[in-house]
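Right, one structure below, let's go through it.
The values are calculated or read from the model by the stated rules, or taken from the named source; none is laboratory data. Being a predicted model, the structure only gives us computed values, none of them experimental. Positions of Cβ are backbone-derived with ideal geometry, glycine not excepted, and every protein chain shown enters the neighbour counts. Keep in mind that these areas ignore ligands, DNA and RNA; they rest on the heavy atoms of the full protein, side chains included. Shrake-Rupley method; radii C 1.70, N 1.55, O 1.52, S 1.80 Å.
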Amino acid sequence: MKVLVIGGGGREHALAWKLKQDEGVQQVFVAPGNAGTARDPALTNLDITDKAALRSWAQAEGVALTVVGPEAPLAAGVVDEFRAHGLPIFGPTKAAAQLESSKAFSKAFMQRHGIPTAKYQTFTDPVAAHAYVNAEGAPIVIKADGLAAGKGVVVAMTLAEAHEAIDFMLLDNTLGVAHNEGGARVVIEEFLAGEEASFIVLCDGEHALALATSQDHKRLQDADQGPNTGGMGAYSPAPVVTSAVHERAMNEVILPTLRGMKADGIPYTGFLYAGLMITPDGQVKTLEFNCRMGDPETQPIMMRLRSNLTQTLLSATRGELDRVTLDWDPRIALGVVLAAAGYPLTPRKGDAITGLPADDPSRMVFHAGTAQQDGTIQVSGGRVLCVTALADTMVDARQRAYEVVDAIHFDGMQCRRDIGYRAL
């Protein structure tokens, strides 16, 4: 069968890499893909991004399954387009994708359905937002209401930082946020203390199937310093997600979300990512929802997945996830992101990348912001590569990953040297 992956980042490279290994898969197309998918003879890049054109192409090619990676096509309604023409596609509809595309929608949904989250207020008026911050104090969290590629959140430790973030998001909009109708809007939340974890499940509208646990590293620099990013590295499994936390996440967050979405008339299918804050006393609160797999969490999770992903996702499109169990490699997978000079605000493009190794089943370099130009692989985005390794221990997984990191070079390359430190 033919499979199509929509997207061109590290998450999509990892999904395509896994799907191509599945029994019964004849060819995997990636639209638009990147230099990493272009290098792989088992993958074919497809230079189409328009949803109607993609749907038409998938019809003509007889594509058996389409998997949507990033948030923008979901928010634009690509799932609705494919479904309207009877094409199997894994992802949420445009209406359901509001769980990510509008933080205001998401927070109101959680409040309405009793899903634990931080208290919040939503603002379009900077004066009112500034007054609220002054009344609440710091630390406090400011979020742009719209798609911001993982960079629309500021955890302000001081009032000055909070006020700067409000002006930045409501007045300047230099983040390039894809705002929802009504223009710029921010959600201001109470600061929650604890340890973050990524809890990702597959959903078919009725049932949820949890993927392996993982933990991301959001800040740019070691020891969780510097600005928030889309993610600088991840590992799986995450020890912080104990069996008790896992049970609470399913029963207090995931299953109430599926029931709530169905009750609201917008049943949820696709990947669902709950960013969780696990408090010191074991409580679980929802920081955010993403309507896709996390990046860079996808890379280590896909390295560990032994089951046939294609058949699993086809089962989800038929509402049969309750019949599926997943088999996981017991080893630890750890991924280190290499980012461009100037990331996250002004990533520099065009730098040549050298030192890339050959693919290895237990040590992969997944491409994100890369492009082929004049016979070389160059930087084309903020997060460039994710070096991911499998090993029996966290120490060994880190060592194997950083050995590859140290062999790769491009001017201005940024990476954290402490990925996995919480688990050690």
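Annotation for the range 1-39 versus the range 82-104: alpha-carbon center distance of 20 Å. Ordered from highest to lowest accessible area with the whole protein assembly present and a 1.4 Å probe, Glu136, Glu247, Glu288, Glu12 read as Glu247, Glu136, Glu288, Glu12. Over the chain, dividing the summed -39,500 (n - 2.57) contributions of all DSSP H runs of at least 4 residues by the number of residues returns a 222 nm mean residue ellipticity of -7500 deg cm²/dmol.
Once the chain from Arg112 to Leu255 is taken as fully extended at 0.36 nm per residue, the excess over their C-alpha distance is 50.0 nm. Only protein heavy atoms count here; on that basis, with a 1.4 Å probe, Thr346 has an accessible area of about 100 Å². Take the Cβ-Cβ distance between Met157 and Gln373 as r, set R0 to 45 Å, and report the resulting FRET efficiency rounded to the nearest 0.05. FRET efficiency, Met157 to Gln373: 0.65. Take the residue pairs Lys143/Lys349; Lys94/Lys262; Lys143/Lys262; Lys103/Lys218; Lys20/Lys51 and return only those whose Cα atoms are more than 20 Å apart. Among Lys143/Lys349; Lys94/Lys262; Lys143/Lys262; Lys103/Lys218; Lys20/Lys51, the Cα-Cα distance tops 20 Å for Lys143/Lys349; Lys143/Lys262; Lys20/Lys51. At a Förster radius of 60 Å, what calculated FRET efficiency corresponds to the Cβ-Cβ distance of Val127 and Arg318, to the nearest 0.05? Step by step, r from the Cβ atoms, then E = 0.70. Overall, the ratio between the Cα radius of gyration of the chain and 2.2 N^0.38 Å, rounded to two decimals, is 0.93.
Among Pro267, Pro296, Pro239, which one shows the biggest mean-square fluctuation in a GNM of the chain, springs joining Cα atoms closer than 10 Å? It is Pro239. Largest accessible area first, the residues Arg417, Arg112 order themselves as Arg112, Arg417 under a 1.4 Å probe with ligands, DNA and RNA left out.
Comparing Arg398, Arg318, Arg55 in a Gaussian network model of the chain, where Cα atoms under 10 Å apart are tied by springs, the biggest mean-square fluctuation is seen for Arg318. Placing unit charges on the Cβ atoms only, positive for Lys and Arg and negative for Asp and Glu, gives the range 1-50 a dipole magnitude near 120 debye about its Cα centre. Note that the range 231-305 shows a convex hull volume over its alpha carbon atoms of 105 Å³ per residue.
Residue-wise HN-Hα couplings along the range 373-380, as the Karplus relation 6.51 cos²θ - 1.76 cosθ + 1.60 with θ = phi - 60° gives them from phi, are 8, 6, x, 10, 9, 10, 6, 10 Hz; Gly and Pro carry x.
Remark: relative contact order (the range 1-102) = 26 percent; criterion is Cα-Cα distance under 8 angstrom and separation of 6 or more residues. Amide H to amide H distances under 5 Å link Thr213 with Ala238, where only residues 5 or more positions off or on other chains count and H is placed in the peptide plane.
So which aspartates and glutamates can Lys107 reach, going by Cα to Cα under 14 Å and dropping same-chain residues fewer than 8 places off? Cross-link targets: Asp145, Glu189, Glu190, Glu288.
Accessible surface for Tyr235 stands near 0 Å², nearest 10, in the context of the full protein assembly shown (1.4 Å probe). Applying 0.36 nm per residue to the separation of Lys349 and Gln59 and subtracting their alpha-carbon distance, the gain on full extension is 100.9 nm. All other residues whose Cβ lies under 12 angstrom from that of Leu255 are scored, Lys and Arg at +1 and Asp and Glu at -1, for a net of 0. The modelled label-to-label distance for the pair Trp328/Ala358, using points 7 Å beyond Cα in the direction of Cβ, is 3.2 nm.
Carbon and sulfur together cover what percent of the accessible area of the range 180-249 at a 1.4 Å probe radius? Ligands and nucleic acids excluded, carbon and sulfur reach 48 percent.
Taking Cα centre as origin and charging only the Cβ of basic (Lys, Arg, +1) and acidic (Asp, Glu, -1) residues, the dipole magnitude of the chain rounds to 440 debye. Computed over the alpha-carbon pairs of the range 316-371, the distance histogram in 5 Å steps reads 4, 11, 16, 16, 11, 13, 11, 10, 7, 1 percent, short to long. About the centre of its Cα atoms, the range 196-352 shows a dipole size close to 260 debye [charges on the beta carbon of Lys, Arg (+1) and Asp, Glu (-1) only; nearest 20 debye].
Note that the chain presents 38 Å² accessible area per residue, ligands and nucleic acids not counted, probe 1.4 Å.
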